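Asker: Have a look at this one before I ask anything.
The values are calculated or read from the model by the stated rules, or taken from the named source; none is laboratory data. Because the structure is predicted, anything quoted here is derived from the model rather than measured. A quick note on method: Cβ atoms are made from the backbone with ideal geometry, for glycine too, and the neighbour counts reach across all protein chains shown.
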């Protein structure tokens, strides 16, 4: 059996969620959209069911999968509904929804639903993706307050650069939020993972931890709270072949890497079809038998090559860790001009094995 697999540590997942909670003491919705960032949404929701206040997903399809698996905690649809015919399903399955544009308001007002919905009203404070403008937000809020189809309202926005605290952009967004919601009573939710970790003054009433749940830092620098996270996914495989090459020999497609010395090359059963980034550069770190080595040569669909020259004790069958404990996915992502979010979400073909 091909040795490539992803080991998912559910104890680490719980640790990271509880860390988020401990930083504010407020409610926290565990963001498990996109199949829990590639970690398996149902398994992650079940693992968090005893500790989480609720969950957040992108769309109703993701929410219904969780409900079918028996997940009963609140689930927020971060993109709300897309068509009016989804509204009865929101009621039936007790789903919360983000409202972020005028058409949703009109659909809600025209809908015949059995009970009112819990609505999170999105304010565009500068992300400029979705949400109502500061000028119209209060009027929309008050119209929903008057609606018999709304059970509760939560103020909400999303930070664009909370992972770059030196830019001043988050302070600007906070000021816009404070001004636009100054006369509106009710709970507020502002913080994604970097907001949770680095912006305690912005925590509000509901946190929305995402990437931090999975143990990857959202920052490109060392950050004290992020250092406490535990990696949840160990992407692992083994050496399936060893080659001895003299200096001056090319390795892999395009001959990108040329050996500079006599080189022991280890071939690993892992490639871009598994989700490993094809654009990872020569020198991207990997762990072989727990020791640091590096990628040499272009990543193929099913295989990649690493330098074993300084690891004489490693060879055929040696364990390889592509990211996880001892090698944070954020570091690997930087070598591929990517982010850990994409590495996790792109995971494909490899079986997931769960512990904890």
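Asker: Can you spot a residue in region 231-241 that is over 30 Å from residue 297 (Cβ atoms) and modelled with pLDDT of 95 or more?
Answerer: no
Asker: Only one residue in 142, 128 is outside any loop (DSSP other than H, G, I, E, B), surrounded by fewer than 21 Cβ atoms within 10 Å (Cβ to Cβ) and outside the structural domain of residue 325 (by TED's automatic domain parsing). Which one?
Answerer: 142
Asker: Could you list all residues from region 175-194 that are surrounded by 13 or more Cβ atoms within 10 Å (Cβ to Cβ) and either part of a loop (DSSP other than H, G, I, E, B) or in contact with a helix residue (DSSP H, G or I) (Cβ under 6 Å, 6 or more places away or on another chain) (or both)? Please lay out each step first, then the result.
Answerer: Looking only at region 175-194, we keep the residues that are surrounded by 13 or more Cβ atoms within 10 Å (Cβ to Cβ), and these are 176-177, 180-181, 184, 186-194.
If the condition is that a residue be surrounded by 13 or more Cβ atoms within 10 Å (Cβ to Cβ) and either part of a loop (DSSP other than H, G, I, E, B) or in contact with a helix residue (DSSP H, G or I) (Cβ under 6 Å, 6 or more places away or on another chain) (or both), then 176, 180, 181, 184, 186, 187, 190, 191, 192, 193 are the ones that fit.
Asker: Considering each of 245, 213, 197 in turn, give the residue that is over 26 Å from residue 348 (Cα atoms) and in contact with a helix residue (DSSP H, G or I) (Cβ under 6 Å, 6 or more places away or on another chain). Write out each step before concluding.
Answerer: Details: 245 fails: in contact with a helix residue (DSSP H, G or I) (Cβ under 6 Å, 6 or more places away or on another chain); 213 fails: over 26 Å from residue 348 (Cα atoms).
Matching residue, one of 245, 213, 197: 197.
Asker: From the list 311, 304, which one is in contact with a strand residue (DSSP E or B) (Cβ under 8 Å, 6 or more places away or on another chain) and crowded, with 23+ Cβ neighbours inside 10 Å?
Answerer: Of the residues listed, the single one that is in contact with a strand residue (DSSP E or B) (Cβ under 8 Å, 6 or more places away or on another chain) and crowded, with 23+ Cβ neighbours inside 10 Å is 304.
Asker: To continue, here is another question. Going through region 314-338 one residue at a time, which ones are part of a strand (DSSP E or B) and loosely packed, with under 15 Cβ neighbours inside 10 Å?
Answerer: Step one: filter region 314-338 for residues part of a strand (DSSP E or B), giving 319-324, 327.
If the condition is that a residue be part of a strand (DSSP E or B) and loosely packed, with under 15 Cβ neighbours inside 10 Å, then 319 is the only one that fits.
Asker: Mind listing whichever residues of region 211-245 are surrounded by 20 or more Cβ atoms within 10 Å (Cβ to Cβ), part of a helix (DSSP H, G or I) and not assigned by TED's automatic domain parsing to the domain that holds residue 29? Quick ask: steps written out before the conclusion?
Answerer: Here is the first cut: in region 211-245, the residues surrounded by 20 or more Cβ atoms within 10 Å (Cβ to Cβ) are 211-218, 226, 229, 231-237, 239.
Checking the rest, the ones that are also part of a helix (DSSP H, G or I) come to 211-214, 226.
If the condition is that a residue be surrounded by 20 or more Cβ atoms within 10 Å (Cβ to Cβ), part of a helix (DSSP H, G or I) and not assigned by TED's automatic domain parsing to the domain that holds residue 29, then 226 is the only one that fits.
Asker: Right, another one. Filter region 145-165 down to residues that are assigned to a helix (DSSP H, G or I) and at pLDDT 95 or above and give me whichever is surrounded by the most Cβ atoms within 10 Å (Cβ to Cβ).
Answerer: Our first condition is that a residue be assigned to a helix (DSSP H, G or I); within region 145-165, this holds for 145-146, 165.
Remaining after also requiring at pLDDT 95 or above: 145-146.
On the way: 145: 13, 146: 8.
So the residue we want is 145.
Asker: Considering only region 34-51, I want to know if a residue exists there that is assigned by TED's automatic domain parsing to the domain that holds residue 137 and more than 24 Å from residue 11 (Cα to Cα).
Answerer: No, because not a single residue in region 34-51 is assigned by TED's automatic domain parsing to the domain that holds residue 137 and more than 24 Å from residue 11 (Cα to Cα).
Asker: Okay, next question. Is there a residue in region 339-347 that is free of Cβ contacts under 8 Å to residues at least 24 places away in the same chain, assigned to a loop (DSSP other than H, G, I, E, B), in contact with a helix residue (DSSP H, G or I) (Cβ under 9 Å, 6 or more places away or on another chain) and farther than 18 Å from residue 252 by Cβ?
Answerer: Within region 339-347, one or more residues are free of Cβ contacts under 8 Å to residues at least 24 places away in the same chain, assigned to a loop (DSSP other than H, G, I, E, B), in contact with a helix residue (DSSP H, G or I) (Cβ under 9 Å, 6 or more places away or on another chain) and farther than 18 Å from residue 252 by Cβ.
Asker: What number of residues within region 211-234 are within 13 Å of residue 163 (Cβ to Cβ) and touching a strand residue (DSSP E or B) at 6+ places or on another chain (Cβ under 9 Å)?
Answerer: 2
Asker: Given the conditions (1) touching a residue at least 60 places away in the same chain (Cβ under 8 Å); (2) surrounded by 15 or more Cβ atoms within 10 Å (Cβ to Cβ); (3) within 30 Å of residue 166 (Cα to Cα), report the number of the one that residue 284 does not fulfil.
Answerer: For residue 284, the failing item is (1).
Asker: Okay, moving on. Which ones in region 278-295 are touching a strand residue (DSSP E or B) at 6+ places or on another chain (Cβ under 9 Å) and assigned to a loop (DSSP other than H, G, I, E, B)?
Answerer: Answer for region 278-295, where residues must be touching a strand residue (DSSP E or B) at 6+ places or on another chain (Cβ under 9 Å) and assigned to a loop (DSSP other than H, G, I, E, B): 280, 281, 282, 283, 284, 289, 290.
Asker: Same structure again: Tell me which of these residue 320 doesn't satisfy, since it passes every other one: (1) out of contact with any strand residue (DSSP E or B) (no Cβ under 8 Å at 6 or more places or on another chain); (2) farther than 21 Å from residue 217 by Cα.
Answerer: Single failed check for residue 320: (1).
Conditions tested, residue by residue: (1) closer than 24 Å to residue 142 by Cβ; (2) assigned by TED's automatic domain parsing to the domain that holds residue 155; (3) out of contact with any strand residue (DSSP E or B) (no Cβ under 9 Å at 6 or more places or on another chain).
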| residue | (1), (2), (3) |
| --- | --- |
| 179 | yes, yes, yes |
| 194 | no, yes, yes |
| 198 | no, yes, yes |
| 209 | no, yes, no |
